[in-house]
1. Return the residues of the stretch 120-133 that are open to solvent by 20 Å² or more (accessible area, probe 1.4 Å) and closer than 21 Å to TYR47 by Cα; say none if nothing qualifies.
2. When you scan the stretch 91-100, do you find a residue that is touching a strand residue (DSSP E or B) at 6+ places or on another chain (Cβ under 9 Å) and either in contact (Cβ under 8 Å) with a residue 60 or more places away in the chain or under 24 Å from SER27 (Cα atoms) (or both), even just one?
3. So how many residues does the stretch 81-119 have that are assigned to a strand (DSSP E or B), of a type in the set (Lys, Arg) and open to solvent by less than 50 Å² (accessible area, probe 1.4 Å)?
4. Which pairs have Cβ atoms under 8 Å, sit 6 or more apart or on different chains, and link a residue in the stretch 108-133 that is closer than 20 Å to ARG70 by Cβ to one that is aliphatic (A, V, I, L, M) and surrounded by fewer than 14 Cβ atoms within 10 Å (Cβ to Cβ)?
5. One residue is enough: does the stretch 58-65 have a residue meeting the conditions in contact with a Lys or Arg (Cβ under 7 Å, 6 or more places away or on another chain), of a type in the set (Val, Ile, Thr) and open to solvent by less than 40 Å² (accessible area, probe 1.4 Å)?
6. How many residues are open to solvent by less than 20 Å² (accessible area, probe 1.4 Å) and either without any contact (Cβ under 8 Å) to a residue 12 or more places away in the chain or closer than 21 Å to GLU86 by Cα (or both) if we restrict to the stretch 20-52?
Amino acid sequence: MEVVLVALLVAVAALGGAEAQCPTPSSLKTINGTRICAQLYTDNSPYYDQCCGGEVLVVEPGEDVPYMPRGWAASVSSLVVGTRCELTVWSRAGKKGKSRKFSSGAVPRLQEVRRGLFGDWNDAIRGYYCKCN
């Protein structure tokens, strides 16, 4: 009985990590094939294969958002920027404060991206602009 229970727990743990892996930049498309500029996520994890989880904010090409949508200010922990796209973010609402540009690729843990001398970008995004070529 204990062996079966341990095997079941191991299987559940292995499947749990596979659910929230960051998508590739080239896979950021709507159901009808339209390009998505970026996706922002509320959750990250110490384990990279479990990042890009939680709520998802889909960012269309050309979106200029100086004030984050309700519930999204200071809550982005992971992001993926689409192929041939660039996401610019600001640390204060109204496109003020520190800014950072992210080019195509995944950033599973924004706490690893420095913002100034002592800070990082985890839960720090208050506005964004996204463009694609």
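The values are calculated or read from the model by the stated rules, or taken from the named source; none is laboratory data. This one's a predicted model, so the numbers in the text were calculated from it and none came from an experiment. A quick note on method: Cβ atoms are made from the backbone with ideal geometry, for glycine too, and the neighbour counts reach across all protein chains shown. Heavy atoms of the whole protein, side chains included, go into the accessibility calculation; ligands, DNA and RNA do not. Shrake-Rupley method; radii C 1.70, N 1.55, O 1.52, S 1.80 Å.
1. Within the stretch 120-133, the first condition is being open to solvent by 20 Å² or more (accessible area, probe 1.4 Å), and the residues that meet it are 120, 122-123, 126, 129, 131-133.
Once the filter is applied, which keeps residues that are open to solvent by 20 Å² or more (accessible area, probe 1.4 Å) and closer than 21 Å to TYR47 by Cα, the stretch 120-133 yields ASP120, ASN122, ASP123.
2. Filtering the stretch 91-100 down to residues touching a strand residue (DSSP E or B) at 6+ places or on another chain (Cβ under 9 Å) leaves 91-100.
Next, from what is left, pick out any that are either in contact (Cβ under 8 Å) with a residue 60 or more places away in the chain or under 24 Å from SER27 (Cα atoms) (or both): 100.
Yes, the stretch 91-100 has at least one match.
3. Residues that pass the stated criteria total 0.
4. Pairs that qualify, where the first residue is closer than 20 Å to ARG70 by Cβ and the partner is aliphatic (A, V, I, L, M) and surrounded by fewer than 14 Cβ atoms within 10 Å (Cβ to Cβ), are ASP123/ALA74; ALA124/ALA74; ILE125/ALA74; ARG126/ALA74.
5. Initially, the stretch 58-65 is screened for residues in contact with a Lys or Arg (Cβ under 7 Å, 6 or more places away or on another chain), giving 61-62.
When the remaining residues are screened for being of a type in the set (Val, Ile, Thr), the result is none.
There is no residue in the stretch 58-65 that is in contact with a Lys or Arg (Cβ under 7 Å, 6 or more places away or on another chain), of a type in the set (Val, Ile, Thr) and open to solvent by less than 40 Å² (accessible area, probe 1.4 Å).
6. First, the residues of the stretch 20-52 that are open to solvent by less than 20 Å² (accessible area, probe 1.4 Å): 28, 36-38, 40-41, 45, 51-52.
Right, trim to either without any contact (Cβ under 8 Å) to a residue 12 or more places away in the chain or closer than 21 Å to GLU86 by Cα (or both) and you get 28, 36-38, 40-41, 51-52.
Qualifying residue count, the stretch 20-52: 8.
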